[in-house]
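Q: Starting off with a structure, shown below.
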Amino acid sequence: MTNTDKGKTDKDRTLAEDARETAAGMAGEAKGHAQKLAQTAAAEAESYAGQAKDAAAGEVKDVASALRTAADEMRSGSPQERTFSQIADTLADASDALRDKDLGEMAGAANDFARRNPMVFLGSAALIGFAATRFASASGRARHGGGSDPDNRRPQPTTPPATTSSGLSTGGTPAPTRTTTQQGGTA
């Protein structure tokens, strides 16, 4: 082999090694950036989940307060008053537990409960989904001016145009005609 060929091969090896080192360095940088992005996304998701957890705990506490107010307005000692008070106390305890636990503990507890009571868990999930759908639907109607008035969702009925003896409606369009069936009745 000649010196020029050997010099060219050494130069090619040096370029290849430089390219590998550069690629490895870029891959390391990309991996570092990806890890930082993943950590940032996880932190933001945890923050949002914490806010949602606190908001849910606040809503549950508000429902408990409303039930307690309703129980206070009922006859003392009545079954309804006792039931409302018990539900209010249970919801208040659940709200406090929800606020005090972190998301990992709650997920673990839900997983354990689902394993021990699968039918109750599925029924509860379906009930919660139904309630959430109803709540979202009602919130959407209220936001768009629908409120709780069921007539506001349906178009108002219109009166049919009056017909004249010639079979034409007063609006100038022909009135609907009756068809007869083969048995002699009208359809």
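Q: Apply the Karplus parameterisation 6.51 cos²θ - 1.76 cosθ + 1.60, with θ equal to phi minus 60°, to every residue of region 118-123 and state each ³J(HN,Hα) to the nearest whole Hz, in sequence, with x for glycine and proline.
A: With the stated coefficients, region 118-123 comes to x, 5, 5, 4, 5, x Hz.
Q: Once you order the gyration tensor axes a ≥ b ≥ c over the Cα atoms, which shape class does region 1-123 get: rounded for a/c under 1.5, otherwise prolate or oblate by comparing a/b with b/c? Before the final figure, lay out the partial values.
A: Numbers: a/c = 9.30, a/b = 4.34, b/c = 2.15.
Because a/c hits 1.5 or more and a/b exceeds b/c, region 1-123 counts as prolate.
Q: While we're looking at this one, here's another question. In nm, give the distance between the simple-model label positions of ARG99 and THR9, each being 7 Å from the Cα along the Cα-to-Cβ direction.
A: Placing both labels 7 Å beyond Cα along the Cβ direction yields 7.8 nm.
Q: Taking 0.36 nm per residue of separation and subtracting the Cα-Cα distance, what length does fully extending GLN39 through MET119 add? Mind dumping the intermediate values first?
A: On the way: separation 80, 0.36 × 80 = 28.80 nm, distance 3.66 nm.
Length gained between GLN39 and MET119: 25.1 nm.
Q: If we sort 99-108, 38-47 on the protection proxy, mean other Cβ atoms within 10 Å, highest first, what's the order? The partial results should precede the final answer.
A: Values: 99-108: 12.0, 38-47: 10.4.
Averaged packing, sorted descending, gives the order 99-108, 38-47.
Q: Just add up the charged neighbours of ALA71: K/R +1, D/E -1, any other residue whose Cβ is under 13 Å from the Cβ of ALA71.
A: Working: positive: ARG68, ARG75, ARG82; negative: ASP72, GLU73, GLU81, ASP89.
Local charge sum for ALA71: -1.
Q: Next up: If each residue of separation counts as 0.36 nm, what is the full-extension length gain between GLN86 and ALA24 once their alpha-carbon separation is subtracted?
A: Numbers: separation 62, 0.36 × 62 = 22.32 nm, distance 6.42 nm.
Between GLN86 and ALA24, full extension yields 15.9 nm more.
Rule-based calculations on the coordinates, nothing more; no lab input. The structure displayed is predicted, hence computed values, not measured ones. Please note: Cβ atoms are built from the backbone with ideal geometry, for glycine as well, and neighbour counts cover all protein chains shown.
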